[in-house]
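Worksheet: the structure to be examined is printed underneath.
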Amino acid sequence: MLNGNDKKGGERMTSNPFDISGKKAIISGGAGDLGRSMVAALRDAGVEVVVLDIIENLHEKVNDWSIPDKAKVHGVKVNLADRGDLAQGFDEAVRLLKTVDILVNAQGIQRRHRAEEFPISDWDEVIEINLTSVFLLCQMAGRIMLTKGYGKIVNIASMQSFTGGFTIPAYAASKAGVAQITKSFSNEWASRGVTVNAIAPGYIDTKMTAAVKADPVRYPRILARIPLGRWGTPEDLCGPLLFLCSPASDYVSGVIFPVDGGMLGT
Ligand SMILES: NC(=O)c1ccc[n+]([C@@H]2O[C@H](COP(=O)([O-])OP(=O)(O)OC[C@H]3O[C@@H](n4cnc5c(N)ncnc54)[C@H](O)[C@@H]3O)[C@@H](O)[C@H]2O)c1
């Protein structure tokens, strides 16, 4: 039997529960290896997107990604390590889109040192960019989504949300933190129409994982633990992303969704 909440959820469903055309999205770190394919997936699904990123030639890149007859892609250059700049960049994104329905946090940096030598300056930088900026952007976007009673937040977590890794203690701490704040925001916001989930990519063939791929000992060990028998590609994340951004996932919140070729099951 339907209760009031069930009915509300059912009413939101469109005839195609995966239809997100006309929605407005902000993707932080959207100029990165994974971000770029997520921007393209949302654009191709009819979503107008603002990319928040620090890369030098952001505006030229964004022009390349804007395709006639597809939803528009904008760029706002921002340093997410600077809290004032982050707030200004977010406001500019909302000004361009007029609102925000979808937030994807795909920013991230990696610093590698032995644990006993890990510099505190690198720790601070990784935590600020990988965790604090995710917290702040969730909070800012969430305030707008809560007033509308609908929104989709997808944070990009990691296998290091579950494991400690090697030589990456700050990254592992930041990604475990991303998983935890995903659940914290979900606990408070899901009943108010804003779902908050994370995607935990496995080993994806990008510059961030190049050091591991080049390691003659670790690479075959990792590959042997992936039931699908291959590393992932940035495109492998797009189906799960579109699902988590669409009404098809309206009853899914607080989940850390591994996209890892089955690795976590081994
Ligand atoms: N590549 C992988 O295999 C993998 C696996 C698990 C998780 N992840 C996570 O996925 C996300 C994207 O990773 P990626 O491989 O695309 O990395 P990437 O380095 O290609 O992309 C990260 C993006 O964040 C941006 N960024 C970094 N610092 C910034 C700052 N101060 N201000 C604004 N933007 C900043 C970069 O410019 C870049 O465009 C990250 O959160 C990463 O931790 C990646």
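The values are calculated or read from the model by the stated rules, or taken from the named source; none is laboratory data. Bear in mind the structure is a predicted one, so any value in this text is a computation, not a measurement. Because the Cβ atoms are built from the backbone with ideal geometry, glycine has one as well, and the counts that use them run over all protein chains shown.
Go through the residues of segment 180-190 one by one and say whether even a single one is under 23 Å from Ala40 (Cβ atoms) and of a type in the set (A, V, I, L, M).
No, the conditions are met nowhere in segment 180-190.
State all residues of segment 228-239 that are part of a loop (DSSP other than H, G, I, E, B) and either in contact with a Lys or Arg (Cβ under 7 Å, 6 or more places away or on another chain) or loosely packed, with under 13 Cβ neighbours inside 10 Å (or both); if no residue qualifies, say none.
Leu228, Gly229, Arg230
When segment 58-89 is examined, which residues are found to be modelled with pLDDT of 95 or more and polar (S, T, N, Q)?
If the condition is that a residue be modelled with pLDDT of 95 or more and polar (S, T, N, Q), then Asn79, Gln88 are the ones that fit.
Quick one: in segment 182-206, which of the residues that are crowded, with 20+ Cβ neighbours inside 10 Å and in a helix (DSSP H, G or I) is nearest to the ligand (Cβ to nearest atom)? It would help to see each step written out before you state the result.
First, pick out the residues of segment 182-206 that are crowded, with 20+ Cβ neighbours inside 10 Å: 182, 185-186, 189, 194-204.
This time we only want the ones that are in a helix (DSSP H, G or I), so: 182, 185-186, 189.
Values: Thr182: 13, Phe185: 17, Ser186: 19, Trp189: 21 Å.
Restricting to residues being crowded, with 20+ Cβ neighbours inside 10 Å and in a helix (DSSP H, G or I), the top hit is Thr182.
Every residue, every condition in (1) within 15 Å of the chain's Cα centre (by Cα); (2) part of a loop (DSSP other than H, G, I, E, B); (3) closer than 28 Å to Gly202 by Cβ, yes or no:
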{"residue": "Ala93", "(1), (2), (3)": "no, no, no"}
{"residue": "Glu125", "(1), (2), (3)": "no, no, yes"}
{"residue": "Thr163", "(1), (2), (3)": "no, yes, yes"}
{"residue": "Phe166", "(1), (2), (3)": "no, yes, yes"}
{"residue": "Lys175", "(1), (2), (3)": "yes, no, yes"}
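Is it true that some residue in segment 120-134 is out of contact with any strand residue (DSSP E or B) (no Cβ under 6 Å at 6 or more places or on another chain), more than 29 Å from Lys148 (Cβ to Cβ), more than 13 Å from the ligand (Cβ to nearest atom) and without any contact (Cβ under 8 Å) to a residue 24 or more places away in the chain?
Checked segment 120-134: at least one residue is out of contact with any strand residue (DSSP E or B) (no Cβ under 6 Å at 6 or more places or on another chain), more than 29 Å from Lys148 (Cβ to Cβ), more than 13 Å from the ligand (Cβ to nearest atom) and without any contact (Cβ under 8 Å) to a residue 24 or more places away in the chain.
Is it the case, given these coordinates, that Gly89 is near the ligand (Cβ under 8 Å from one of its atoms) and of a type outside the set (Ser, Thr, Tyr)? Talk me through it step by step, then tell me what you get.
Working: near the ligand (Cβ under 8 Å from one of its atoms): no; of a type outside the set (Ser, Thr, Tyr): yes.
Spelling it out, it is not the case that Gly89 is near the ligand (Cβ under 8 Å from one of its atoms) and of a type outside the set (Ser, Thr, Tyr).
If you go through segment 42-53 one residue at a time, do you hit one that is in contact with an Asp or Glu (Cβ under 7 Å, 6 or more places away or on another chain), modelled with pLDDT of 95 or more and of a type in the set (A, V, I, L, M, F, W, C)?
Scanning segment 42-53, I find no residue that is in contact with an Asp or Glu (Cβ under 7 Å, 6 or more places away or on another chain), modelled with pLDDT of 95 or more and of a type in the set (A, V, I, L, M, F, W, C), so the answer is no.
If you scan segment 36-45, which residues turn out to be surrounded by fewer than 24 Cβ atoms within 10 Å (Cβ to Cβ) and within 10 Å of the ligand (Cβ to nearest atom)?
Going residue by residue through segment 36-45, those that are surrounded by fewer than 24 Cβ atoms within 10 Å (Cβ to Cβ) are 36-37, 40-41, 43-45.
Of everything in segment 36-45, those that are surrounded by fewer than 24 Cβ atoms within 10 Å (Cβ to Cβ) and within 10 Å of the ligand (Cβ to nearest atom) turn out to be Arg36, Ser37.
Restricting to segment 110-123, name every residue that is of a type outside the set (Ser, Thr, Tyr) and either part of a helix (DSSP H, G or I) or under 26 Å from Val100 (Cβ atoms) (or both).
Ala115, Glu116, Glu117, Ile120, Asp122, Trp123
Test Val212 against the stated conditions and say whether it is of a type outside the set (Phe, Trp, Tyr), out of contact with any Cys (no Cβ under 6 Å at 6 or more places or on another chain) and surrounded by fewer than 21 Cβ atoms within 10 Å (Cβ to Cβ). Even if it seems obvious, please write down each step before you answer.
Details: of a type outside the set (Phe, Trp, Tyr): yes; out of contact with any Cys (no Cβ under 6 Å at 6 or more places or on another chain): yes; surrounded by fewer than 21 Cβ atoms within 10 Å (Cβ to Cβ): yes.
Spelling it out, Val212 is indeed of a type outside the set (Phe, Trp, Tyr), out of contact with any Cys (no Cβ under 6 Å at 6 or more places or on another chain) and surrounded by fewer than 21 Cβ atoms within 10 Å (Cβ to Cβ).
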